[in-house]
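The values are calculated or read from the model by the stated rules, or taken from the named source; none is laboratory data. The model shown is predicted, which means the values in this text are computed figures rather than measured ones. Cβ placement follows ideal geometry from the backbone for every residue including glycine, while neighbour counts extend to all protein chains displayed. Areas reflect the complete protein model, heavy atoms only, side chains present, ligands, DNA and RNA absent. Shrake-Rupley method; radii C 1.70, N 1.55, O 1.52, S 1.80 Å.
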Amino acid sequence: MSTSEHFDCHYCKDSLLGKKYIMKEDTQYCTKCYENLFANCCEDCSTPIGCNSKDLSYKDRHWHEQCFKCAKCSRSLADKAFAARDDLLLCTECYAHDYSSKCITCKKTILPGSRKMEYKGNSWHETCFLCHRCQQPMGTKSFIPKENGYFCVPCFEKQFAYQCCTCKKAITTGGVTYQDKPWHRECFLCIGCKRQLSGQRFTSRENYPYCLECFSNLYAKKCVGCTKPITSLAGAKYISFEERQWHSECFNCMQCSVSLVGRGFLTQRDDILCTECGREK
């Protein structure tokens, strides 16, 4: 650059020759103009953060390095961990004292950033949340609350869970009780067809559970008319005569098929007849 050429501040036009200047987007500014035009304003002291100061920022807010401090104890937060609360910056100790939850086991503050466990409004350090039986930390594993204590699943099963009568494994949720004995829902099956009985109508014989269909096929008396089982469990009505049974809808004259329910009838060997058909015989 020759002495005849001008090297001026882009804004105030003062010569920058022999002076300190700052480049911004390929344009030069004197330090005063740069600070007036572009410097951020400090959140704490409300003065511009000049070229000779370090600009510390957090969420579009800016501070001088010496102004970046805890809002409560005034300790510097530069190069230290901090937390924000209601637009205030706090050191971890002040934040923990005022806002952090306390561990229900050791009664100490749970510092920001620490791993913790929360359940029904209570908080624990991760290392303080222990199984009531084995006293081992449960961390993020499954647990079961019982009698003001918390248990890992293996300990709960050993101490409290019922054992399924079929598979002999612990019943931790749900289950079915029949004749004071426990089953998993999926293990409570019809002894005949192995169909799941939970939520279904069923009956028993000799302490074994049966679905209505299996019980009827195995033990119910058969209708003389249609040969199908007769069972009152399903709400069916039937007619009984001389150790023979009929569904009400099957108790008909063998010759004219008229219903004999509530009417007189005659017998001819194994047949039943209405009185009209019987006289014809």
Theoretical ellipticity at 222 nm over the chain - DSSP helices of four or more residues, -39500 (n - 2.57) apiece, nearest 500: -3500 deg cm²/dmol
Between Asp87 and Lys32, what FRET efficiency follows from the Cβ-Cβ distance if R0 is 45 Å, with the result rounded to 0.05? 0.90
Backbone N under 15 Å from the Lys80 label point (7 Å along Cα→Cβ), restricted to the range 40-71: 65-71
Ser259 to Cys193: FRET efficiency via 1/(1 + (r/R0)^6), r the Cβ-Cβ distance, R0 25 Å, to the nearest 0.05? 0.15
Counting pairs of alpha carbon atoms under 8 Å apart in space and at least six apart in sequence, what relative contact order in percent does the chain give? 5 percent
Summing +1 per Lys or Arg and -1 per Asp or Glu among the other residues with Cβ less than 12 Å from Thr92's Cβ gives +2
Relative contact order, percent, the range 162-219 [alpha-carbon distance under 8 Å, six or more residues apart]: 22 percent
Can you tell me the order of 259-267, 48-56 when each peptide is scored by its average per-residue count of other Cβ atoms within 10 angstrom, highest first? 48-56, 259-267
Between Ile22, Ile171, Ile230, where does the largest GNM mean-square fluctuation fall for the chain, given springs only between Cα atoms within less than 10 Å? Ile22
In the chain, what percent of the accessible surface is made up of carbon and sulfur (1.4 Å probe, ligands and nucleic acids excluded)? 46 percent
Full extension from Lys146 to Leu17: what is 0.36 nm times the residue separation minus their Cα-Cα distance, to one decimal in nm? 38.3 nm
Most to least accessible of Ser198, Ser57, Ser204 (protein chains only, probe 1.4 Å): Ser57, Ser204, Ser198
Which value, in Å² rounded to 10, gives the accessible area of His62 with a 1.4 Å probe and all protein chains present? 40 Å²
Counting only GluC sites (Glu not before Pro) that are in a DSSP loop and have at most 15 other C-beta atoms within 10 Å, tell me the longest site-free stretch of the chain. 26-146
Cα extents of the range 237-280 along the principal axes, largest first, in whole Å, come to 30, 19, 14
Rg over Rh [alpha-carbon atoms, Kirkwood Rh] for the range 7-124: 1.24
So which aspartates and glutamates pass the test for Lys102, namely a Cα distance under 15 Å, with those fewer than 8 places away in the same chain ruled out? Glu93, Glu118, Glu126
Calculated FRET efficiency, Lys228 and Cys106, Cβ-Cβ r, R0 51 Å, to nearest 0.05? 0.10
